[in-house]
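The values are calculated or read from the model by the stated rules, or taken from the named source; none is laboratory data. The structure presented is a predicted model; accordingly, all values stated were derived computationally and were not measured. All Cβ positions, even for glycine, are placed from backbone atoms using ideal geometry, and neighbour counts span all protein chains on display. We work out accessible area using only protein heavy atoms, side chains counted, and drop any ligands, DNA or RNA first. Shrake-Rupley method; radii C 1.70, N 1.55, O 1.52, S 1.80 Å.
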Amino acid sequence: MSEVLTREVPRLAATEVPKTLIEAQDPAWLTIVLARRVKGVETVEVIRTVATKVRFAVEFEDGERGAYCLKGLLDVDEATARGGPTCVLESDFYGRIAPLVDCTVPECIATVIDRERQQAVTVMRDLIGQGAVFCSALESFTPDDAVLSLGQIARLHARSDVLAQFDWIRPRLSQLAEMTYITPETLQELLDGPRGDGLPSQVRDATRLVAALKSLAARDARRPQFLVHGDAHAGNVFRRNGGMGLIDWQLLQRGGWALDVAYHINAVLPPEVAEAEERRLLGEYLKMMRGHGLAMPDEEEAWLQYREAAIYGYYLWSITRRVDPPIIVEFVDRLGKAVARHGSHGLLQA
């Protein structure tokens, strides 16, 4: 296993989790969280999807300034607030897992967690202020870029030994396969919309997709379990100083390595590029993992698992609603074409 870097553990601030943006920008609250007296706060940018990301600048009473980003469920309705456990999971990643893994992630300053209410916020250094650029499905991403980002995923997977001490990291895939808040009827309506245009009819069949996800969950549970990011699309990758890093740990889970790798390659690359390069990129990932000292399947077994796992990312984006429509359409198209190209449904029915 590779040597790992030791990060400073973020503060677990003893204060209430804010429910609104106004509360999260209150100088008195930030004084407790940052453990420094805050004189003033300036909001730089607010990004709302399911969770809210707030970039802000702080002036401390000693005259120094700092640039931060806070993430949490702010100004949300009761239904959205039920997603609070994913925010707790992300805060726990930064507080308990990030100090143990040698992949590039934002520098977390503090977390605020209410385990009874299952709500949390995470306060990080502002990556954009540090010169980072976030990737997107709508911008170019090359195979060479994918080698770099797969290197970050491999570094995460290489610390899968920590799963033995953190039983709160759950098999999210099996939970997705059993959830009922997205019905097959709702999923079919989504797939019949613009996001499904250009995909074969069999790939747009919601009942077939749900059955394939359940089959993948059953197979994945019988395979070696890895520390998995769970949502490794292009928007959760950033570039900085010639390298790449990973953000958004709300779907952190234990599961098969292929969940991340098949999702990532087919989400970051256009279909024609992924088709031409994916076997080489899969080989690069396997080589990296063996270099970290982990036993991995041979190339043909790995290829089979990769082809099956394409269902996972496709399902995630098929049910996504609170993201800009052009991004949803692009990811569903890329991942749906991967499922069609690999015959994932048929493999999972065998």
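Observations on the structure shown:
- Output for region 6-63, where each listed residue is β-branched (Val, Ile, Thr), in contact (Cβ under 8 Å) with a residue 24 or more places away in the chain and farther than 21 Å from residue 84 by Cα: 6, 9, 44, 58
- Residue count for region 130-144, restricted to those that are open to solvent by 60 Å² or more (accessible area, probe 1.4 Å) and not in a loop (DSSP other than H, G, I, E, B): 4
- For the residues 118, 175, the requirement of being within 27 Å of residue 47 (Cα to Cα), open to solvent by 10 Å² or more (accessible area, probe 1.4 Å) and not aromatic (Phe, Trp, Tyr) singles out 118.
- With respect to the conditions (1) touching a residue at least 40 places away in the same chain (Cβ under 8 Å); (2) open to solvent by 30 Å² or more (accessible area, probe 1.4 Å); (3) on the phi < 0 side of the Ramachandran plot; (4) more than 15 Å from the chain's Cα centre (by Cα), residue 254 lacks only one, and its number is (4).
- Of residues in region 235-251 being farther than 24 Å from residue 73 by Cβ and touching a residue at least 60 places away in the same chain (Cβ under 8 Å), the one surrounded by the fewest Cβ atoms within 10 Å (Cβ to Cβ): 241
- Selected residue (criterion: nearest to residue 163 (Cα to Cα)) from residues of region 196-217 that are out of contact with any Pro (no Cβ under 8 Å at 6 or more places or on another chain) and either free of Cβ contacts under 8 Å to residues at least 40 places away in the same chain or open to solvent by 50 Å² or more (accessible area, probe 1.4 Å) (or both): 214
- Only one of the listed residues (52, 122, 80, 142) is closer than 30 Å to residue 271 by Cβ and of a type in the set (Ser, Thr, Tyr). That residue is 142.
- For region 146-169, a tally of residues being within 14 Å of residue 229 (Cβ to Cβ) and open to solvent by 10 Å² or more (accessible area, probe 1.4 Å) returns 6.
- Scan of region 11-46 for residues that are charged (D, E, K, R) and assigned to a strand (DSSP E or B), ordered by number: 11, 39, 42, 45
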